[in-house]
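S.K.: Below is the structure I would like to discuss, written out as structure tokens.
The values are calculated or read from the model by the stated rules, or taken from the named source; none is laboratory data. For clarity, every value in this text was computed on a predicted model and none was experimentally measured. Every residue, glycine among them, receives a Cβ derived from its backbone with ideal geometry; neighbour counts consider all protein chains shown.
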Amino acid sequence: KVETKDKDGNITRIKYLDENDHSVGWETSVYGDSIEYDYHFPGNSDLELEIIRYGMLGNSRFYQVSTRDESIDRRTAVRINDPNDTNKTHIAYIIQKENNLQDGLNTSLYNSNQTFTTYSMGKELEAYTYYEDILIREIQKQYNGDNVFSDIKLYYNSGILKKDYHQANGKDDGLSVSYFDTGNMNQRINYKEGKIHGTHERFYENEKLNEFITYVNGIKNGITEKYYDNDSHQMAFEGSYADNERSGKWTVYTKDGKLDSEMNYKNGEYDGEFKSYATGDLNYNSIHAFGQYSDGKMTGEWIYGYHNEGWVEKVYYEDGVKKWDEYSTGNVRTYYNPDGSVSHTETID
């Protein structure tokens, strides 16, 4: 038995030695406000058990336990928080390592929330993150050669599922579904190697379709539709994309299902026939306009009128510039300069 004392004569360490002066059995050490107990296994210096209690004898609490096996370079440690501190989780951390690789159950922090993760020689197998006592994140991983496939679920602090998605080698891959905090579906997206590939659907909180867009390798390509959030779930517009740009015919509808406008696109710009219909009796929605675009600019003769019948005004454009206009109530055509000023007028039949 060997005792070590401080300058005041207080015992700070007690240990036991065998005939070869190797530590055996329990060794007790005092460090400030903590007491450490180390157990040395007789005849095996590779193994060690360590227990630390916080506080002095008779008024201490369990603080940490750890083990060591030098023969396989494995270490395990578990630390416990003060049970009287309600702002902290019971377990401070768990560490398990072998050959300096995490192995078995370990803990860490994710957005300041405690996470329990299971490893197999450095490879993460599953992880669970908690906010207080509520699961807010879980991950399951599988390995195939150098490829890592993950199934991930995120939860609101209420415990309701927030998002369910998948990854391949750290990139979103496959179906991803997110939810409102009510539990109803919010979005549904298909991914391929981190890029949206297929349909991207968004929903209203009542789970009626809001809109969907078609993607190919992260680029908008294909049809798209959007709907109003009303009882009839009326379509708001429909069209298509080509290489992220609006392309072809697009059609727009009012909330009550009336045809609002039709237009054509090329490379994201108006090109071809354009029709804006009168949809009501008020000034702003009783006017119709029919004409043509070329590369985003108005061209040729445009007709303006009321209630989709006849015409009140005709305007002629060249390369987006108004050249002349005339009204059905008169027989005068007015011509314009490029700056918009009047050039001259003429009488027409």
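S.K.: With the condition kept exactly as written, say whether any residue in the stretch 98-114 is closer than 25 Å to residue 52 by Cβ, assigned to a strand (DSSP E or B), more than 23 Å from the chain's Cα centre (by Cα) and of a type in the set (D, E, K, R).
M.R.: Within the stretch 98-114 (the criterion being closer than 25 Å to residue 52 by Cβ, assigned to a strand (DSSP E or B), more than 23 Å from the chain's Cα centre (by Cα) and of a type in the set (D, E, K, R)), the answer is yes, since at least one residue qualifies.
S.K.: Picking from 34, 45, which residue would you name as being more than 27 Å from residue 83 (Cα to Cα), under 56 Å from the mean Cα position of the chain (by Cα) and in contact (Cβ under 8 Å) with a residue 24 or more places away in the chain?
M.R.: Values: 34 fails: more than 27 Å from residue 83 (Cα to Cα).
Result: 45 is the single residue among 34, 45 that is more than 27 Å from residue 83 (Cα to Cα), under 56 Å from the mean Cα position of the chain (by Cα) and in contact (Cβ under 8 Å) with a residue 24 or more places away in the chain.
S.K.: Okay, moving on. Considering each residue of the stretch 170-223, count those that are of a type in the set (Asp, Glu) and either touching a helix residue (DSSP H, G or I) at 6+ places or on another chain (Cβ under 8 Å) or in a strand (DSSP E or B) (or both), and give that number. Please lay out each step first, then the result.
M.R.: First, pick out the residues of the stretch 170-223 that are of a type in the set (Asp, Glu): 172-173, 181, 193, 201, 205, 207, 211.
Adding the requirement that they be either touching a helix residue (DSSP H, G or I) at 6+ places or on another chain (Cβ under 8 Å) or in a strand (DSSP E or B) (or both) leaves 172, 201, 211.
Of the residues in that region, 3 qualify.
S.K.: Six or more apart or on different chains, Cβ atoms under 8 Å: show the pairs whose first residue is in the stretch 4-24 and without any contact (Cβ under 8 Å) to a residue 40 or more places away in the chain and assigned to a strand (DSSP E or B) and whose second is among the basic types (Lys, Arg) and surrounded by 12 or more Cβ atoms within 10 Å (Cβ to Cβ).
M.R.: Taking only residues 6 or more apart or on different chains, the pairs are 4/13; 23/15.
S.K.: Restricting the first residue to the stretch 155-173 and requiring it to be over 22 Å from residue 197 (Cα atoms), which pairs with a second residue that is among the acidic types (Asp, Glu) and assigned to a loop (DSSP other than H, G, I, E, B) meet a Cβ separation below 7 Å and a spacing of at least six or different chains?
M.R.: From residues that are over 22 Å from residue 197 (Cα atoms), the pairs are 156/181; 158/181; 160/181.
S.K.: On the given criteria, is residue 137 closer than 28 Å to residue 185 by Cα and either modelled with pLDDT of 95 or more or over 34 Å from the mean Cα position of the chain (by Cα) (or both)? First the steps, then the outcome.
M.R.: On the way: closer than 28 Å to residue 185 by Cα: yes; either modelled with pLDDT of 95 or more or over 34 Å from the mean Cα position of the chain (by Cα) (or both): yes.
In short, yes.
S.K.: Could you please tell me which pairs satisfy a Cβ distance under 9 Å, a separation of 6+ or placement on different chains, a first residue in the stretch 317-328 that is at positive phi and modelled with pLDDT of 95 or more, and a second residue that is among the aliphatic types (A, V, I, L, M) and assigned to a strand (DSSP E or B)?
M.R.: Sorted first by the residue in the stretch 317-328, then by its partner, the pairs are 319/298; 320/298.
S.K.: Could you list, in sequence order, all residues of the stretch 226-235 that are surrounded by fewer than 18 Cβ atoms within 10 Å (Cβ to Cβ) and either acidic (Asp, Glu) or assigned to a strand (DSSP E or B) (or both)?
M.R.: Initially, the stretch 226-235 is screened for residues surrounded by fewer than 18 Cβ atoms within 10 Å (Cβ to Cβ), giving 226, 229-235.
Result: 226, 229, 231, 235.
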